[in-house]
Amino acid sequence: MNEYAEFDWRVHQMQNERLCDVSRKRLTDGDRQRALDGLKEAVDSSLNLALRDKSRCQDDHFLRRFLYASKHDVQQSFELLVRYHQYRREHPELWAPADGGVLRALADGLPGVLAQRDRRGRCVLLMFASNWTPHACPLVSVFRALLLTLERTLVETQNQANGYVMIVDWTEFTFKQSCSLQAKTLKMMIDCLQDCLPVRFKSIHFIGQPWYVETALAVVKPYLKAKTRERIVLHGNNLSTLHDSLPLDILPAELGGEGPSYNSELWLQQFCRFENIDTPPAQVSTKVAKDKDLPAAKVDKAYKQKDNGNFSFHGNEKSAKSELLRDKD
């Protein structure tokens, strides 16, 4: 991108190459500080419009999440920082304060956050797909709930450094629900999560996925980077392969673990405290029948209209892919 040209990367090339070599082994505190100083200098020297408000970029803790996501490569960290701010400028509604749709998604475990990390210190996110009620909680609200959860959990340095593991439970996810997976929203999610967020997804596990979910995955796979594709693991109904990757003692009963059933209220309440939301989480009902609409006040009309695409995975994979390509523009 031309806007990166205003910063002379040759000044930092030798230092950056050394940092990359060290990061493959083990970074010292001095290496991390030099990388942070290099990133701050790049931000201060940049004329990129995405970084015209540099107030947040003065926060060392905020900048470090981009360094961790790029293995302390200064140039890559800077480019990720620019993409992050560009995406936020293009989609400010995604980072708006949590509304009823977001709280409904969190109450349904979309996403959930396990209380314990895995053996490598990674944060484990859950997505219980069958809990999704498209007419009450649009797909974009689920995406916003995931974004805001990531933003909140990235405050912890351990999550920046060790990354995330995501488990998507498709058990009992119906064909009718799959028809509400709009192509535009899926593409927007892929672009953001893959290229614009300082997040390291170390692995993504699908369990109990039906054939129509695998068809949907086949449609979006061409838009995934090779590294992302390699990290998606399809377990089907074989939970033993999931247990080979994650310890039983941290998994809830729904995933064949030794813990109790997952309680989405715990993360919802914690999220509300972080966001200073006064509305008691108990008001976000998860018991509403899937064929009943929530009161209109709980559905954000702006997001509902934005998520009102006509794409579905009816028909064969070829026709679905053609619709995705048509919606891309």
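Comparison of Leu234, Leu268 shows that the only residue that is at pLDDT 90 or above and closer than 16 Å to Val165 by Cβ is Leu234.
The number of residues in the range 215-236 that are free of Cβ contacts under 8 Å to residues at least 40 places away in the same chain and over 20 Å from the mean Cα position of the chain (by Cα) comes to 2.
Among helices (runs of 4 or more DSSP H) entirely within the range 96-180, having at least 1 residues that are under 27 Å from Ala253 (Cβ atoms) and aliphatic (A, V, I, L, M) singles out 100-107, 139-153.
Report whether or not Thr149 is open to solvent by less than 20 Å² (accessible area, probe 1.4 Å), within 25 Å of Leu80 (Cβ to Cβ) and in contact with a strand residue (DSSP E or B) (Cβ under 8 Å, 6 or more places away or on another chain). The answer is yes for Thr149. Those residues that are open to solvent by less than 10 Å² (accessible area, probe 1.4 Å) and touching a Phe, Trp or Tyr at 6+ places or on another chain (Cβ under 6 Å), I need them from the range 157-173; list them, please. Listed by number, the residues that qualify are Gln160, Tyr164.
Selection of the range 21-50 for residues being out of contact with any Lys or Arg (no Cβ under 7 Å at 6 or more places or on another chain) and either open to solvent by 90 Å² or more (accessible area, probe 1.4 Å) or modelled with pLDDT under 55 (or both) yields Asp21, Val22, Arg24, Lys25, Arg26, Asp29, Arg34, Asp44, Leu47, Leu49. Within the range 58-69, residues that are among the aliphatic types (A, V, I, L, M) reach no partner that is open to solvent by 50 Å² or more (accessible area, probe 1.4 Å) and part of a helix (DSSP H, G or I) with beta carbons closer than 6 Å at six or more positions or on different chains. Would you pick out the residues in the range 167-220 that are over 23 Å from Cys123 (Cβ atoms) and of a type in the set (Phe, Trp, Tyr)? Within the range 167-220, Phe173, Phe175, Trp211, Tyr212 qualify.
Going through (1) closer than 25 Å to Glu151 by Cα; (2) part of a strand (DSSP E or B); (3) open to solvent by 20 Å² or more (accessible area, probe 1.4 Å) one by one, His205 falls short only on (3).
Each row is one residue, and each column tells you yes or no for (1) assigned to a loop (DSSP other than H, G, I, E, B); (2) open to solvent by 70 Å² or more (accessible area, probe 1.4 Å); (3) of a type in the set (Ser, Thr, Tyr).
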| position | (1), (2), (3) |
| --- | --- |
| Thr228 | no, no, yes |
| Leu234 | no, yes, no |
| Leu242 | no, no, no |
| Asp249 | no, no, no |
| Gly257 | yes, no, no |
| Tyr262 | yes, no, yes |
| Glu265 | no, no, no |
| Leu268 | no, no, no |
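Number of residues in the range 95-117 that are farther than 21 Å from Phe128 by Cβ and either without any contact (Cβ under 8 Å) to a residue 60 or more places away in the chain or buried (at least 23 other Cβ atoms within 10 Å of the Cβ) (or both): the value is 2. Taken as a whole, the structure leaves Arg89 outside the set of residues that are touching a residue at least 12 places away in the same chain (Cβ under 8 Å) and open to solvent by less than 30 Å² (accessible area, probe 1.4 Å).
The values are calculated or read from the model by the stated rules, or taken from the named source; none is laboratory data. Please read these numbers as outputs of a predicted model, since none were measured by experiment. Neighbour counts run over all protein chains shown; Cβ positions are idealised from the backbone, glycine included. Side chains included, ligands, DNA and RNA excluded: accessible areas come from the protein's heavy atoms. Shrake-Rupley method; radii C 1.70, N 1.55, O 1.52, S 1.80 Å.
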